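Reading through the structure tokens given below for one structure.
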Amino acid sequence: MVKMVVCLKQVPMVSELPWDPATGTLKRDLAEGMMNPGCRSALEAALRIREAKGGKITAITMGPPMAEEVLREAIVLGADGGILITDRRMAGADTAVTSYTLARAIERTCPGFDLVLCGFATSDSETAQVGPQLAEELDIPGVAYVDEIEISGRMARMHRLADNFLEILEMDLPGLITVSAGVYSPRYVPLGGLMAAFDAPDIVTLDAAALGLDPGRLGAKGSPTRILNVTSPTAGKKNIVLSGTPKKIVEQLLKQ
């Protein structure tokens, strides 16, 4: 029996959203949300481990109230329950503060966990920092960009590709793994169970006070990261006609 926690994030369905120049954050309310693709792979890994070894899967997410949707989706796919961490004071948290918040929630709600699974990165930021930082906050070993996981007793054996080399790693449990998308292709959501998942009372909602969080480590104000400026790249096009001998044309190209 493996007691697992899967960290999920709701991300915008579109890849490009306008930025709020005042806060340097995405205007997430302008797009529908979905489960981050990398997190879906982490959930699939947990489901396969449970199928092989048995266990329990708790899905956890931090975000606005609408982020509950990804927890419901996780329950449809097979998670045993979900934890929503939501508080207006948490808005704008960087990866360090997000990891701190998730760690305290996991310690409080999932004592005695064996394995924490995260996606290798999120599509809305691509920092790949929360997983490793969360392992530090929980004071457990962590391995990133894992392609395949096998649990044997109190040990996890992992395969991953690094610089075109296949690495085979072993880690004592409890531990944390960030999962790559390759082997763990997510299964489809069964439509028949979707309505039932939204009716099931399996979501626990917690705020900063319930978790006893340090007020100085909440949201944008408690984050050490500062976004000084945000700009969108622009690509200009200009047509140039080159004439002359082949040698002259090559010289002109090299000067561009």
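The values are calculated or read from the model by the stated rules, or taken from the named source; none is laboratory data. In this text, all values refer to a predicted model and were calculated from it rather than measured experimentally. Here the Cβ positions follow ideal geometry from the backbone for every residue, glycine too, while neighbour counts run over all protein chains shown. Note: accessible area is taken over every heavy atom of the protein model, side chains too, but ligands, DNA and RNA are not part of it. Shrake-Rupley method; radii C 1.70, N 1.55, O 1.52, S 1.80 Å.
Approximating the spin labels as points 7 Å out from Cα along Cα→Cβ, the Ser125-to-Glu150 distance works out to 3.5 nm. Each DSSP beta bridge with both residues in the chain is either parallel or antiparallel, and the antiparallel ones are about 40%. Highest mobility in the GNM of the chain, judged by mean-square fluctuation with C-alpha springs under 10 Å and restricted to Ala103, Ala52, Ala235, is found for Ala235. From most to least packed by mean Cβ count within 10 Å, the peptides 79-88, 168-177, 245-254 give 79-88, 168-177, 245-254. Site pair Ile249 and Asp80 shows an inter-label distance of 7.0 nm when each label is modelled 7 Å from Cα along Cα→Cβ. Highest average first, the peptides 157-166, 89-98, 104-113 ordered by how many other beta carbon atoms sit within 10 Å of their residues are 89-98, 104-113, 157-166.
Average accessible surface for the chain: 57 Å² per residue, computed with a 1.4 Å probe over protein heavy atoms with every protein chain in place. Backbone geometry of the stretch 150-163 corresponds, through the Karplus equation with coefficients 6.51, -1.76 and 1.60 at θ = phi - 60°, to 3J(HN,Hα) couplings of 9, 9, 9, x, 9, 9, 10, 10, 10, 10, 8, 9, 9, 6 Hz, x marking Gly and Pro. Comparing Leu117, Leu211, Leu134, which has the greatest mean-square fluctuation in the GNM of the chain with Cα pairs linked when under 10 Å apart? Between Leu117, Leu211, Leu134, it is Leu211 that shows the largest mean-square fluctuation. Remark: spin-label model distance Lys3-Thr231 equals 5.1 nm, labels positioned 7 Å along the Cα→Cβ axis.
Within a Cβ distance under 12 Å of Gly82, other residues only, what is the Lys/Arg minus Asp/Glu net charge? Could you put the intermediate results ahead of the total?
Values: positive: Arg72; negative: Glu68, Glu69, Glu73, Asp80, Asp202.
Counting the neighbours of Gly82, the net charge comes to -4.
Please give the net charge around Asp114, taking every other residue with its beta carbon less than 11 angstrom from that of Asp114, where Lys and Arg add +1 and Asp and Glu add -1.
Working: positive: Lys3, Lys53, Lys56, Arg154; negative: Asp172.
Summing Lys and Arg as +1 and Asp and Glu as -1 gives +3.
In terms of its C-alpha gyration tensor, the chain comes out prolate, because a/c is 1.5 or above and the ratio a/b outweighs b/c.
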